[in-house]
1. Are there any pairs with C-beta distances below 7 angstrom linking a residue in the range 97-114 that is closer than 23 Å to GLY177 by Cα to a residue that is assigned to a loop (DSSP other than H, G, I, E, B) and open to solvent by 10 Å² or more (accessible area, probe 1.4 Å), with the two at least 6 apart or on different chains, and if so which?
2. Would you be able to say whether some residue in the range 167-181 is touching a Gly at 6+ places or on another chain (Cβ under 6 Å), within 17 Å of GLY46 (Cα to Cα) and not small (Gly, Ala, Ser)?
3. The conditions are (1) in contact (Cβ under 8 Å) with a residue 12 or more places away in the chain; (2) within 20 Å of PHE265 (Cα to Cα), and SER201 fails exactly one of them. Which is it?
4. Look at the range 4-26 and say how many of its residues are closer than 19 Å to ALA88 by Cβ, open to solvent by 60 Å² or more (accessible area, probe 1.4 Å) and not basic (Lys, Arg).
5. Within the group CYS84, CYS35, which residue is in contact (Cβ under 8 Å) with a residue 24 or more places away in the chain, surrounded by fewer than 24 Cβ atoms within 10 Å (Cβ to Cβ), of a type in the set (A, V, I, L, M, F, W, C) and more than 26 Å from TYR8 (Cα to Cα)?
6. Before we move on, is GLN329 over 36 Å from the mean Cα position of the chain (by Cα) and assigned to a loop (DSSP other than H, G, I, E, B)?
7. Need the failing condition index for PRO493 against (1) in contact (Cβ under 8 Å) with a residue 24 or more places away in the chain; (2) out of contact with any helix residue (DSSP H, G or I) (no Cβ under 7 Å at 6 or more places or on another chain); (3) under 26 Å from GLY147 (Cα atoms), just the number.
8. Could you list, in sequence order, all residues of the range 398-425 that are modelled with pLDDT of 95 or more, surrounded by fewer than 21 Cβ atoms within 10 Å (Cβ to Cβ), out of contact with any His (no Cβ under 9 Å at 6 or more places or on another chain) and not in a loop (DSSP other than H, G, I, E, B)?
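The values are calculated or read from the model by the stated rules, or taken from the named source; none is laboratory data. This one's a predicted model, so the numbers in the text were calculated from it and none came from an experiment. We place every Cβ from the backbone using ideal geometry, glycine too, and count neighbours over all the protein chains shown. Heavy atoms of the whole protein, side chains included, go into the accessibility calculation; ligands, DNA and RNA do not. Shrake-Rupley method; radii C 1.70, N 1.55, O 1.52, S 1.80 Å.
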Amino acid sequence: MALLTDLYQVTMAYGYWRAGRHRAPAAAELLFRRCPFRGAFALGAGLAEGLRFLRAFRFSAADIAYLRSVLPSTTEEAFFEYLCTVDASEVTISSVPEGSVVFSRVPLLQVKGPLLVVQLLETTLLCLVSYASLVATNAARFRLLAGPATKLMEMGLRRAQGPDGGLSASKYSYIGGFDCTSNVLAGKLYGIPVQGTVAHSFVMSFTSLAEVEPRVLTPLAGGEPADLPSLAESWLPQVCELLQVSPDKVNRGELAAFVSYAISFPCNFQGLLDTYCVMRSGLPNFCAVALALNQLGYRAVGVRLDSGDLAKQSKEIRRVFRACGARFQVPWFETLSIAVSNDISEQSLEDFIREGSEIDMIGVGTNLVTCPRQPSLGCIYKLVKVNGFPCLKLTEDEEKMTIPGTKTVYRLYDAAGHPFMDLMALEEEPSPSAGQELTVHVLGRSGEASQVRPATVETLHRTYFRDGQVCEALPSLPEVRSHAQVSLGRLSPAHRRLHEPEPYPVAITEKLHLLFGELRQAS
């Protein structure tokens, strides 16, 4: 993957090498300038993939041959010979733990090593971290809206930007709080729970009960197999009477599809109700098949809706389930799951909450994996120190100025356990302690310094890569997912809310503020 980069990284590498600066010690930081989706936070993700890339970073003979073909003919052969020796063995990577809440202008990754190598890593690390963090953050917002009880299913593979985007979306949606995915390969590769039943095409492929084959199903407790189509047909008039629906309006092809699927998956039967008409056909057919299964000792899972007013329909369906449970003495019927899909967005979830829906599970695709409200996190990768000297990118736009020097970042917590500020200090400064009064300068706020006194202080970054190897055990994907939820849970409601949140303050120490000012004046 060494060639998964922009050409200008290679041309800069040649420039460093020609100038004899290629082995100068350097440090860079990967961060973003603004929190996505007009929120106050993001989730950091992509660390494990970044570390995997670093372990394998080197140029193959084929890579070198290709670079010879695209670089100018004046490029010295000795440079290509040098590239053959380049790897990440002298690189050190510090990072926030994957799944941590992160804020604008605070580094997600800190990279140290020879200048040429630090430069060559830029594009790939940005690629691996930026989309991962964006999707994880988007997923976290859906989870915060849905609450802890509602199941969330990622089903965006067919809408994703290519197969790599689809796999990444499944993985990082899970980190952000989704429960499962429809993506089978993601399930295999990452151990994410997979779910899925039928689409409208399955239902539409049947026209009558005569097409159901096989027809019999053995009771769960054993015994004589029963003809499930006949059982379902015997229940249908009773259900139609309860629902005040004419049996003549019920689509028999749909009933056949439900019966056929129930025979194949008697313990996992879920009905897709909206191929024809939910209330006049889909729901009566489902109830008839579910009651037939119950007669043989099986419990249906529930239903899915993919069109219409989902909140309103969910309430009507729950009312029918309660009525069926009471009429036919099947108590578990009223707890059947109601799942929905159909271009679900954050606005959809807000509508469900406002209307008091009875939805138990939500499938999200396009608006999760493509992040249409903000297609890129806009991460940047900037040098902060070269050859022992701090670097500063100056611009008239203060937001785009970089913070010079190698730094240690601390997260400050209040007495309630909520983080209230991230503080950047020069690496050589002593660590702040709990209860200590600190003089800080909040970024983006002009004026005098302010004083804060944290109840708890946490060092934000850990060293994950040194001497060419991962040097700290990486958590499993479920552990990263759990950490993300804990990290989100620590945020104060003012910073966690999705609309017009209170901006989270990021500050620098007095010493770093003075260095910043000196470099600005000198430039």
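1. PHE103/CYS35; PHE103/TYR504; SER104/ARG33; SER104/ARG34; SER104/CYS35
2. Here is the first cut: in the range 167-181, the residues touching a Gly at 6+ places or on another chain (Cβ under 6 Å) are 169, 175.
Narrowing the set further to residues that are within 17 Å of GLY46 (Cα to Cα) leaves 169, 175.
Applying the additional criterion that residues be not small (Gly, Ala, Ser) yields 175.
Yes: the range 167-181 contains one or more residues that are touching a Gly at 6+ places or on another chain (Cβ under 6 Å), within 17 Å of GLY46 (Cα to Cα) and not small (Gly, Ala, Ser).
3. Failing condition for SER201: (1).
4. 4
5. On the way: CYS84 fails: more than 26 Å from TYR8 (Cα to Cα).
After ruling out the rest, the residue left standing is CYS35.
6. Numbers: over 36 Å from the mean Cα position of the chain (by Cα): yes; assigned to a loop (DSSP other than H, G, I, E, B): yes.
Against the criterion (over 36 Å from the mean Cα position of the chain (by Cα) and assigned to a loop (DSSP other than H, G, I, E, B)), GLN329 qualifies.
7. All conditions are met except number (1).
8. Within the range 398-425, TYR413, MET421 qualify.
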